[in-house]
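The values are calculated or read from the model by the stated rules, or taken from the named source; none is laboratory data. Quantities reported herein were computed from a predicted structural model and do not represent experimental measurements. Heads up, the Cβs are rebuilt from the backbone with ideal geometry, glycines too, and the neighbour counts pull from every protein chain shown.
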Amino acid sequence: MATSTIEVVVEEIKRESPTVKSFKLVAANGSSLPRFSGGSHITTYVQTEYGLIERHYSLTTDPDITDYYQIAIRRSDQSRGGSIYWHDHIKIGDKLYISYPKNHFPLSFRAKHHVFFAAGIGITPFLAMAADLKKKGKSFELHYAAPSKELCAFHDFLLSIYPDETHFYFSKEKRKMTTDLMKNQPIGTHVYFCGTEAMIREYAEAAKAFGYPEKSIHFELFTPPDFGPLQAFQVKLNKSNQVLDVQEGKTLLETLLTHNIQAPYSCKIGGCGSCQVNVLKGEIDHRDFYLSDTEKKEGNVMLTCVSRAKSGYLILDL
Amino acid sequence: MINNSKIISHSPLIERFPFPFKGDSYRYSNNSEALEPPFLLDITPEYFKEIEQKRHLLKTRKEQCYQSFSHSLEGQWEILEMIINEMTSLYPNYFSLKKNKNHWTFCNHLLKEEQSFIFGNSSSLPYEPLDFIGRHIQEDLIYIAQRDGDLYMDAGQLCFPANWSIAFNLGMTYTEFHSPVPYFSDSGLAEKVRNFLLRIEAGKPWTRLNWTLTVEPILDTFPETFDEWGAKKEKVTSENAGQLVHLRVEDQRLFRLPRSNGILFSIHTHLISLDELRKNEEWINRFYRVLTDLPDYIAQYKGFISYKDKIISYLEKIIKTKEGVIK
């Protein structure tokens, strides 16, 4: 956390909906914050009495605003504790560390038209992406599903800034957002999804069925994909000749880090590829959305944050 | 109060030269390391001479040294902002900036120059932003855009190239512009390094040293002027190698640019004659061992296979004399 983090102060907290709060962060030393690209997120490091809470949140403001950053968080009772802590304990004046902006969900450069699909809190990356495109005069449309107008964070903001581009779908009003919206789009359209894993799967499959090239389909996950139980397995590290037990319920990355192995990582949900390592032997149970089908089949690399051994053990080039 | 501002170091070249060899053998690899402290600039006593030469090249051979695509302007402004911030915070005695919202006035006190402009408005500068700021620093600057999952050379000011040219490389992908490098391009290493670059993060820059040899202290070894500097290789003998042959080291640094999501690649080129390098006995001995171990395909690509034997016999002579003296 030395040179690559920035100390910030919570300057303002705003209720965006009954379940969503936004937080305005300014640099603790008063200097300006780095500009970023639409779709970027920051990692927040909050020191609590239960330990360090490390979470990723999309930046929601215009990417050229350098006086402050804004993130928006939905309080989730099923969460691992991050969103509850942010909602119930963080107050104005609190200090924390954040990473520099990182972008694992960038806008396509070559797209002729951008179509965004947000479900619930999945709206957050699109707020900055829309600002980015609007400024550059690029064409886009935003489809946003929420239970109701009252539970729809940033509803008034979107309606006033992007009235022509934004389309709302409130399930209480029986208006459903559907994959058919991707059907009749011009050639060169890129589609982007952010929401639950089930929503992303449904939209990605539909886009493929409609004939979108794989490179025109973009999505960002908030939680690791669910591929079933996390069974125990063993890894052998080829360089140090160590054998490590990855316990049931633990990830390989966690195991490597607790044994002080210098393993790279970033998103921890199988989306960015930072933790990729070479595998010399063993059958891999790939659980990421990063590697291509060919790479998965070849079985020479794996992402340690989510993927596991099919059975027995793996030999890693570490 | 502690004064943190840096000044130009006037220590002899041999004491500040970035010697590139960590061991007795050299092969292509991803030898990048985390850059600490995380800055781009290095101002050396050669500043005035090199800036003058850079500007002369840009005046007389602009197309050869500066190329850009119009879609690189966002990245170029980001580079200008990053470098000016660094110049004024690391070297406040040499550079200053006055900001009134978007109206900026930049002062180079070393050159006694002042430029006012509107940030983000390219018509308010005499040159494109990358071309402008490059004229105030010794480093060559290459803007690598990250677009749709690949890396493209989208702009660059390159005045001191080791036999490559931005005019030729503009618009190529990372794997395309590395395709002439033997082994690196056909072993899968180029893809590995590209994948590493695709993931470098803002706030965590990287550095590596690259090297070659140049006959006479010539910084502007362009492929376009090979007839001028390439012919000099024929003059090298085991007698004059110490004066003529220079170890050429590129201090390369890589920065993620968070606004454009591109990468800034900077190159600071240093030259030292072998006679000068002899002042560090460990270095000249190691250089000898690296050369004798070097496979031909590397010497061929780096362009000194034709006179490698002359350098080796020069080095053997001086190393033997030295040993003779010690005994």
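For this structure, a couple of remarks:
- Looking across B:Ser5, B:Ser29, B:Ser11, one residue alone is touching a residue at least 24 places away in the same chain (Cβ under 8 Å) and over 23 Å from A:Ser32 (Cβ atoms). It is B:Ser29.
- Looking only at the range B:24-40, and only at residues there that are under 18 Å from B:Phe265 (Cα atoms), more than 10 Å from chain A (Cβ to nearest Cβ) and not polar (S, T, N, Q), the one that is surrounded by the fewest Cβ atoms within 10 Å (Cβ to Cβ): B:Glu33
- Note on the range A:44-53: residues that are buried (at least 19 other Cβ atoms within 10 Å of the Cβ) and hydroxyl-bearing (Ser, Thr, Tyr) total 1.
- In the range B:272-311, the residues that are surrounded by 16 or more Cβ atoms within 10 Å (Cβ to Cβ), touching a Ser or Thr at 6+ places or on another chain (Cβ under 7 Å) and assigned to a helix (DSSP H, G or I): B:Val290, B:Lys302, B:Lys310
- The single residue among A:Leu181, A:Leu230 that is surrounded by 14 or more Cβ atoms within 10 Å (Cβ to Cβ) and either outside any loop (DSSP other than H, G, I, E, B) or within 14 Å of chain B (Cβ to nearest Cβ) (or both) turns out to be A:Leu181.
- The number of residues in the range A:1-50 that are away from every other protein chain (no Cβ under 14 Å) and in contact (Cβ under 8 Å) with a residue 24 or more places away in the chain comes to 22.
- A:Gln78 assigned to a strand (DSSP E or B) and either of a type in the set (Ser, Thr, Tyr) or not assigned by the TED database to the domain that holds A:Cys194 (or both): no
- Verdict on A:Thr189 being in contact with a His (Cβ under 6 Å, 6 or more places away or on another chain) and among the polar types (S, T, N, Q): yes
- Residue within the range A:269-278 that is surrounded by fewer than 20 Cβ atoms within 10 Å (Cβ to Cβ), farther than 30 Å from A:Ile123 by Cα, away from every other protein chain (no Cβ under 14 Å) and in contact (Cβ under 8 Å) with a residue 12 or more places away in the chain present: no
- With respect to the conditions (1) at pLDDT 95 or above; (2) within 24 Å of A:Thr66 (Cβ to Cβ), B:Asp148 falls short on a single one, namely (2).
- Qualifying residue in the range B:188-197 (condition: away from every other protein chain (no Cβ under 14 Å) and modelled with pLDDT under 95): yes
- Checked against (1) away from every other protein chain (no Cβ under 14 Å); (2) out of contact with any His (no Cβ under 7 Å at 6 or more places or on another chain); (3) within 27 Å of B:His178 (Cα to Cα), B:Val249 passes all but a single condition, namely (2).
- Inter-residue pairs, beta-carbon under 6 Å, first assigned to a strand (DSSP E or B) and in the range B:193-207, second loosely packed, with under 15 Cβ neighbours inside 10 Å, 6+ apart: B:Thr207/B:Glu33
- Qualifying residue in the range B:71-89 (condition: at pLDDT 95 or above and part of a loop (DSSP other than H, G, I, E, B)): no
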